Amino acid sequence: MTGYGKFAAGAMAAAYVPAMTVRGAISGAVAGASTLGKIGAGIGWCVGKPISKVVSLTCKLVNKAYGDESKINAKKHADRTVKIFQTAGALLSIAGLVDLMTAGLSLPVKVISCAPLPVIGAAINTARAVKGKASFKTVYKELTQYGVSPTAKENLFGPFYKNLFSDISHGNAAGQHHTQRLEESADQYDQQRLNLEKKYAAQHFDLDEQKSQLSGSTSVSVSSESVSISSELELLDQVGSGKKSEPQHVAIQMDPEEESTSTEFFSMSVAS
C-alpha cells in the first residue's frame with residue numbers, strides 16, 4: 001500500500017481542518033433543525049401514512065391490471081410518500097417556529113439568531129481536527145502510509161450526529177435504530193483501518209525480509225572470500241618459510257697456485 005508524499009499528504013491534511021469546521025457548522029444547524037422539526041415531522045407522518053396506503057393500493061391494482069408487463073414496487077412508493085410528508089412537515093415547522101420565536105425582527109436578525117448552534121458545532125469540530133484522536137496529525141500519518149484516511153472519511157462523511165432527517169431517510173421513527181447505525185458505521189471504518197494496517201505491515205515485513213536475505217548472502221560471500229584469501233596467504237607463508245629453512249651449499253675452490261698442496265674442494269653449509 002503506497003501512500004502520498006509528504007507535500008501532498010500535508011496539503012490534504014491541512015485542508016481537513018477547514019472541512020471539519022464546515023462539517024461542524026452543518027451538523028450544528030441540522031441538530032438545531034431536528035429539535036424544531038420533530039413536531040412537524042410527526043404531523044407529516046400522520047398525514048402521509050394514510051396517503052401511502054392509497055398509493056400502495058393503486059400500485060397493486062396497476063400490477064394486477066397489466067400482469068407481468070409492469071411490476072411496480074408498492075412498498076417502495078408507499079415508504080417514499082411517508083418520507084416526503086415527514087420532510088415537508090419538518091421544514092414547515094422549522095420555518096414557522098423560527099418566525100414565531102423571532103417575531104417583529106428583521107430577516108437579517110432572524111438569520112443571526114439561528115447562528116449559535118452552527119457556531120458551536122464548528123468550534124467543536126475545529127478543536128477535534130486540531131488536537132485529539134481525530135486530528136490532522138492522524139490524517140497525515142494515514143495518508144503518508146496508506147494513501148487513504150479512514151479517520152477523515154469517518155469524521156467528514158460518517159453519520160455522527162443524531163438528527164431527524166437521517167432517521168427519516170432511513171425510514172425510521174425519530175431516534176429509532178440511530179445508535180445501531182452509528183455503531184455499524186464505526187465498525188466499518190475500524191475494519192477498513194485494520195485492513196490497511198495489515199497490508200502496510202505485510203509490505204514492510206517483506207521488504208525487511210528481502211533486505212536481511214541480501215545482507216546474509218553478502219556476508220557469506222565476503223566470509224568465503226576472506227577464508228580463501230587467508231588460506232592463500234598461509235600457503236605462501238609456508239612456501240616462503242620452507243625455502244628459508246633449506247640449507248644453502250656454497251662451493252669454495254682453492255686458488256690455482258695452491259692446487260699443488262691441496263686439490264680438495266670444501267663444502268660449506270650455511271643456514272640463513
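The values are calculated or read from the model by the stated rules, or taken from the named source; none is laboratory data. Quantities reported herein were computed from a predicted structural model and do not represent experimental measurements. Here the Cβ is made from the backbone with ideal geometry for all residues, glycine too, and neighbour counts use every protein chain on show. Heads up: the accessible areas ignore ligands, DNA and RNA and are worked out on the full protein's heavy atoms, side chains in. Shrake-Rupley method; radii C 1.70, N 1.55, O 1.52, S 1.80 Å.
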### Task
Would you mind working out the magnitude of the charge dipole of region 1-125 relative to its Cα centre, with +1 at each Lys and Arg C-beta and -1 at each Asp and Glu C-beta, to the nearest 20 Debye?
380
### Task
Put one equal scatterer on each alpha carbon of region 48-122, apply the Debye formula with no solvent term, and list log10 I(q)/I(0) at q = 0.11, 0.21 1/Å to two decimals.
-0.52, -0.90
### Normalised contact order of region 10-93, rounded percent, pairs of Cα under 8 Å and 6 or more residues apart
43
### Lysine pairs within region 41-123, Cα separation less than 29 Å, 8 or more sequence positions apart or different chains
21
### Summary
Once H77, H170 are ranked on solvent-accessible area with the largest value leading and a 1.4 Å probe, the list reads H170, H77
### Query
Hey, what's region 78-172 come to in accessible area per residue, 1.4 Å probe, Å²?
56
### Query
Ignoring any ligand, DNA or RNA, what whole percent of the accessible area of region 1-49 comes from carbon and sulfur when the probe is 1.4 angstrom?
78
### Summary
Using the Kirkwood radius over Cα pairs of region 1-137, the Stokes-Einstein translational diffusion coefficient at 20 °C and 1.002 mPa s, in µm²/s and rounded to a whole number, is 114
